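Heads up, the thing below is written out as structure tokens.
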Amino acid sequence: MNVKKIANMIDHTALTSNKSEAEIAVLCREAMLNEFYSVCINACHIPFAKTILNNSNVKICTVVGFPLGATFSSVKAFEAAEAIKAGAEEIDMVINIGWVKSGKWQAVQQDIQAVLTACADIPLKVILETCLLTREERVKLCEVCRTLNVAFVKTSTGFSTGGATVDDVALMRQTVGETVGVKASGGVRDIETALAMINAGATRLGTSSGVAIVNGLQDNQSDY
């Protein structure tokens, strides 16, 4: 797999609360230089990022209900709609994990549907936070997402007790089939991990280490 193809699978990510506009500007310029698929940023930075990414192919992705997923569905839907109005081209939402743990599957599905409706034609990625779920809960969530025909299921926020694992990605891919994307996020920091996630079925990588991953592939291209 060549450098450009892997680069175009990366959502170049900066979601910590202390990111300055100068750091967001660097993120955007790195994304353009390396031909990453998108920058994944907090919604407040969307208008600023647009000024830098204007006339580039790099998309703007943002997060909704982040990182806990525990707010009202109507709030998540409003967040998504406002982010799209500001210029977001992809939305990553966090599920209501407490509802999953309570077995409130209809409420979980309605929560995702509310954001999906607000997104209209904008791709929606659904963050499962796999580190907090049983295998059965991961499978059930992927089945719900497959039924709703969301764009992607995503492993993690990167803000909980663990990130993506190869086993989680493989299970998600097996469950959603080929029509729904799988995004591996959290702990994808080097080319070896990135390739392992891709080989397990990931079609997008969420990482703040995109530059290191691409540089690692370039430095070791003969090995891959």
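Here is how the numbers come out for the structure above:
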| quantity | calculated |
| --- | --- |
| Only listed residue being in contact with a Cys (Cβ under 7 Å, 6 or more places away or on another chain) and within 15 Å of Met93 (Cα to Cα), chosen from Ser185, Ser156 | Ser156 |
| Test result for Cys44, within 24 Å of Val211 (Cα to Cα), part of a helix (DSSP H, G or I) and open to solvent by 20 Å² or more (accessible area, probe 1.4 Å) | yes |
| Sole residue being in contact (Cβ under 8 Å) with a residue 24 or more places away in the chain and either open to solvent by 40 Å² or more (accessible area, probe 1.4 Å) or under 23 Å from Gln106 (Cα atoms) (or both), chosen from Gly162, Gly158, Gly206, Gly186 | Gly158 |
| Subset tally (residues that are touching a residue at least 12 places away in the same chain (Cβ under 8 Å) and out of contact with any Gly (no Cβ under 6 Å at 6 or more places or on another chain)) for the stretch 3-34 | 20 |
| Filter result (of a type in the set (Val, Ile, Thr) and surrounded by fewer than 20 Cβ atoms within 10 Å (Cβ to Cβ)) within the stretch 62-83 | Thr71, Val75 |
| Residues (among the charged types (D, E, K, R) and open to solvent by 50 Å² or more (accessible area, probe 1.4 Å)) located in the stretch 97-133 | Lys101, Lys104, Asp121 |
| Residues that are farther than 13 Å from Val211 by Cβ, crowded, with 23+ Cβ neighbours inside 10 Å and not aliphatic (A, V, I, L, M), drawn from the stretch 12-41 | Ser38, Cys40 |
| Every pair of residues 6+ apart whose Cβ atoms lie under 8 Å, when the first sits in the stretch 35-57 and is in contact (Cβ under 8 Å) with a residue 40 or more places away in the chain while the second is assigned to a helix (DSSP H, G or I) and open to solvent by 20 Å² or more (accessible area, probe 1.4 Å) | Phe36/Glu30; Ala43/Glu79; Ala43/Glu82; Ala43/Ala86; Ile46/Ala86; Pro47/Ala86 |
| Residues being farther than 19 Å from Val39 by Cβ and touching a strand residue (DSSP E or B) at 6+ places or on another chain (Cβ under 7 Å) - total across the stretch 168-204 | 8 |
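The values are calculated or read from the model by the stated rules, or taken from the named source; none is laboratory data. Owing to the predicted nature of the structure, the values given are computational and were not obtained by experimental measurement. Heads up, the Cβs are rebuilt from the backbone with ideal geometry, glycines too, and the neighbour counts pull from every protein chain shown. In case anyone asks, the SASA skips ligands and DNA or RNA and just uses the protein heavy atoms, side chains included. Shrake-Rupley method; radii C 1.70, N 1.55, O 1.52, S 1.80 Å.
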